[in-house]
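To start, the structure itself, in structure tokens.
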Amino acid sequence: MNAIVQHAPELPLSKRLKSGTTNDHDSVDSLVMGSQPFQDLNRYGRFLLLQHRFHGAINALYQDPALNALLPGLSELPRFDAVCADLRDLGLDVPATPAAVHPASSYAALGWLYCSEGSNIGAAFLFKETQQIGLGADNGARHLAAHPDGRKLHWRQFVALLDGLELSGEQQAQAIQGARDAFDFYKAALKDVFAGV
Ligand code: HEM
């Protein structure tokens, strides 16, 4: 008689992405706070340059037709233009748009987008901090403001889209690798932007 093998229920993609990047997230969180981006407008300007590098590098992914087919509504979500407006609010020059990243596959790109969209959740805390230095949703902190539907609802909708995709184990692994690459990119950009400040 064959043994009955009980498989644990498959974790949804969003849970796999989260557990696969918890350490990456926590180290980015401490690096951001360690760089004291809300101490004054000068340091916040540096933070905006970091956000410009990250959101600029992934901006084209939001318009990618294949990714929009996987995640309907994606093209309405990028925050790069808001980051540029924030830089202008502070009277800073907007640098040239960074080179676009090219994830190895559409599945890897999903991981980059997970990283970017998830960062809206922690942004609630960052947004509050910007108010301490006189900024807000109409001035300097546009890209950290909540989505019109509210952060939580927006995030739940994005997670539902991710979890509705029928991906193979290999495709899920590519997505997790993409998310790790996105956190690594962010960390490297942070260290560069805040070097010597
Ligand atoms: C000081 C900076 C940051 C703080 C304090 C922070 C804080 C948080 C918090 C409190 C959550 C919600 C966790 C939960 O509900 O379990 C979260 C989620 C998340 N954050 Fe951050 N975050 C920061 C920076 C970032 C950055 C820079 C990125 C990406 C580049 C990022 C990506 C994410 C992602 C992807 C999630 C979703 C996790 C999930 O799957 O539920 N965070 N963050």
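Bear in mind these aren't lab numbers, they're just calculated from the coordinates by the rules spelled out. These numbers come from a predicted model, not from an experiment. Note that each Cβ is placed from the backbone with ideal geometry, even for glycine, and that neighbours are counted across all protein chains shown.
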One finds the C-alpha centres of the range 11-44 and the range 155-177 to be spaced, in Å, by 20 Å
When the charge dipole of the chain is computed with +1 on Lys and Arg Cβ and -1 on Asp and Glu Cβ about the Cα centre, the Cα farthest towards its positive end, among Gln177, Leu135, Gly34, belongs to Gly34
Longest principal axis of the chain (C-alpha) makes with the long axis of helix 106-132 (C-alpha) an angle, in degrees to the nearest 10, of 40 degrees
About its Cα centre, the range 38-141 carries a charge dipole, from +1 on Lys and Arg Cβ atoms and -1 on Asp and Glu Cβ atoms, whose size in debye to the nearest 20 is 240 debye
Whole-percent tail of the Cα-Cα distance distribution for the chain, cut at 25 Å, equals 36 percent
Relative to the chain, whose Cα atoms define the longest principal axis, helix 169-194 and its Cα axis are tilted in degrees, nearest 10, by 20 degrees
Tilt, helix 13-34 to longest principal axis of the chain (alpha-carbon atoms), in degrees rounded to tens, equals 20 degrees
Phi-derived 3J(HN,Hα) across the range 141-150 with the Karplus relation (6.51, -1.76, 1.60, θ = phi - 60°), rounded Hz, x for Gly and Pro, is 10, 4, 6, 9, 5, 5, 4, x, 7, x
What helix-only [θ] at 222 nm does the chain give? Using -39500 (n - 2.57) per DSSP H run of at least 4, over all residues, to the nearest 500, the answer is -21000 deg cm²/dmol
Once Val197 and Ser30 are pulled to full extension, the length gained, defined as 0.36 nm per residue separation minus their Cα-Cα distance, is 58.4 nm
